[in-house]
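Notes for the one structure printed next.
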């Protein structure tokens, strides 16, 4: 058993030595490839690329000259240089007890006369300032109040509306229709306002010779107002006018 252990240890030592030698050979070959081989390949690079490493860098740009002070600037027209005078402000040492009177003489101020005309005012002499323009002082009339919007008419049946008729005018039989022996009915759609008057009429059906007289007669009819929740409202209903030769 001891001989087997000694033999395996010798084999392991040989493997370690072989691995170390192999690693050293690999590192040596890598160093030769990366360092020694490029020394022999110098002629392969272009000459201008090699010279770029040997040429000195360009000099730095010249510094920008400082801007001359404002007082030393020379005018373009050749005149004297313009200078800006500095005013030194000093802090007062004490508070003045009196206020000095201004030197500017404004002159006497005379009476003012303003005349109100169609938009221009006349100002008398002695007034300081520009001329005064006064607009017309008459009050502007207010716009009239808006008219109350009428409620939309309600549609009702012809029988209900006929029961509210208080004044009826019979139509006149047209002479031309009588000679032509034309008879029949004319159906109208009427709009009755809040006071019971017929405000609008639209012909739904009827003979053309009978329509005009039917509309003329129905426009004079009078109804009692229709109330809705105690308030009069306009209504729409149909009216039938009969023309009979008998």
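What follows is calculated from the coordinates using simple rules that are stated; it is not laboratory data. This structure is a prediction, so every number in the text was calculated from the model and none was measured. Note that we place each Cβ from the backbone using ideal geometry, even for glycine, and neighbour counts take in every protein chain shown.
Structure values in brief
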{"quantity": "Ranked list, fewest to most other Cβ atoms within 10 Å of each Cβ, for 31, 182", "calculated": "31, 182"}
{"quantity": "Rounded FRET efficiency, nearest 0.05, which uses the C-beta distance separating residue 245 from residue 204 and R0 of 35 Å", "calculated": "0.95"}
{"quantity": "Two-site label geometry, residue 152 and residue 23: point separation in nm, points 7 Å out along Cα→Cβ", "calculated": "10.2 nm"}
{"quantity": "Potential extension, residue 183-residue 64 segment - 0.36 nm per residue separation minus Cα distance", "calculated": "31.3 nm"}
